[in-house]
Amino acid sequence: MSDKSLFIYDGECPFCNHFAQLIELKSNLPEFEILDGRKNLALLSRLYKQGYDLNKGAIIVRNEKIIHGADAINWICSEINEPSDALLEVLRIIFNSNKRAIFLFPFLLWSRRLLLTLKGKVWKPVSENNQFY
């Protein structure tokens with residue numbers, strides 16, 4: 001991977017947060033920037049207006065191309081070579097297949113919503129006035 005990529009995730013979601021930390025620390029992906037979407041509402045609002053909702057999955061911006069949801073997780077996992085973490089290796093094996101990623105992704109979203117609800121966090125889209133409800 002020679003071009004810089006931006007990975008945008010929900011920092012309030014324990015799954016998303018842990019995945020982002022694993023990617024940052026253990027994936028050995030060069031030119032890969034990780035950004036908590038909840039701390040970057042202006043960018044998140046622009047992406048939402050283009051049809052990319054962080055509540056429907058992580059977002060990757062790469063060479064002005066946007067990859068979202070199951071496709072984003074599949075892309076990351078297909079780019080990881082020899083991760084230095086066992087959990088990341090398992091995730092890489094599972095989500096390296098686009099079919100598996102598409103099949104399993106709704107369960108990840110459901111789990112994310114459940115965890116956010118249990119934490120008392122909300123998961124509605126970004127509004128027009130740049131607020132993450």
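At a glance:
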| read-out | value |
| --- | --- |
| Orphan Cys of the chain, criterion: no other Cys C-beta under 4.7 Å | Cys77 |
| Under 5 Å, built H, 5+ apart or other chain: amide partners of Ser5 | Phe32, Glu33 |
| Listed residues Asp71, Asp36, Asp85, most fluctuating in the chain (Gaussian network, C-alpha, under 10 Å) | Asp85 |
| Cα lying deepest toward the dipole's positive end in segment 1-120, options Ile23, Leu35, Ala70, charges on Cβ | Ala70 |
| Debye, to nearest 20: dipole size of the chain, +1 on Lys, Arg Cβ, -1 on Asp, Glu Cβ | 540 |
| Over 20 Å [Cα-Cα, segment 5-118], rounded percent | 36 |
| In segment 5-118, lysine pairs with alpha-carbon atoms under 19 angstrom apart (chain gap of 8 or more, or interchain) | 5 |
| Fewest-first ranking of Glu82, Glu31, Glu89, using other Cβ atoms within 10 Å as the exposure measure | Glu82, Glu31, Glu89 |
| Neighbour-count ranking [beta-carbon atoms within 10 angstrom, fewest first] of Trp110, Trp75 | Trp110, Trp75 |
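Laboratory data are not the source of any read-out in this text; all were calculated from the coordinates shown. None of the values given here were measured: they were computed from a predicted structure. All Cβ positions, glycine included, derive from the backbone under ideal geometry; neighbour counts span all protein chains shown.
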